[in-house]
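Please read the structure below before turning to the comments.
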Amino acid sequence: PKTLIVRASGPSLGTLGVAGALADPAVELRDGNGLLVALNDDWSSGSQASAITASGFAPSDARESALLETLTPGAYTAIVRGANNGEGVALIEIYDLDQ
C-alpha cells in the first residue's frame, strides 16, 4: 500500500498568470474497475483537512481539492471536474507520502 495526496488546482493557477483557470475544481479517484474510491471539492471543508495540512501538501486556495488516501497496488484514475459544470484549466498533482 501507498499513501498519496491527490490535488486538483485551479484558482491558484490564475494567480500565477494561467489564463482560464478552473475556478472551483473537484477531484475524483477511481479504481481500475471505474468504481469511486474518493472525491473532494473544497479541501479545507472536508474531513481530511487537518491531515492534508499536516502532510505539508495542502493547496493554497480553499476552493481547490485534495484527497489523502492509502491505496493498495493497482490501477487508478484521477479525474478533475469543474464544480457546477465549470470549465477551465486545472492541474492535477499526486504526491507519494511514503518516500
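Given the options A26, A38, A8, name the one that is in contact with a Lys or Arg (Cβ under 6 Å, 6 or more places away or on another chain) and under 17 Å from I79 (Cβ atoms).
A26
Tally up the residues in segment 1-19 that are surrounded by 14 or more Cβ atoms within 10 Å (Cβ to Cβ) and in a helix (DSSP H, G or I), please.
4
For segment 85-99, name all the residues that are within 19 Å of A51 (Cβ to Cβ), open to solvent by 70 Å² or more (accessible area, probe 1.4 Å) and modelled with pLDDT of 95 or more.
Within segment 85-99, I94 is the sole residue that qualifies.
Residue check: is L22 in contact (Cβ under 8 Å) with a residue 60 or more places away in the chain, surrounded by 18 or more Cβ atoms within 10 Å (Cβ to Cβ) and among the hydrophobic types (A, V, I, L, M, F, W, C)?
yes
Could you check segment 34-84 and list, in sequence order, the residues that are part of a loop (DSSP other than H, G, I, E, B) and open to solvent by 80 Å² or more (accessible area, probe 1.4 Å)?
Across segment 34-84, the qualifying residues are L35, S47, S60, R63, T72, P73.
The values are calculated or read from the model by the stated rules, or taken from the named source; none is laboratory data. Quick caveat, the model's predicted, so the values are computed rather than measured. Cβ: placed from backbone, ideal geometry, glycine included. Neighbour counts: every protein chain shown. Just the protein is used for accessible areas: all its heavy atoms, side chains included, with ligands, DNA and RNA removed. Shrake-Rupley method; radii C 1.70, N 1.55, O 1.52, S 1.80 Å.
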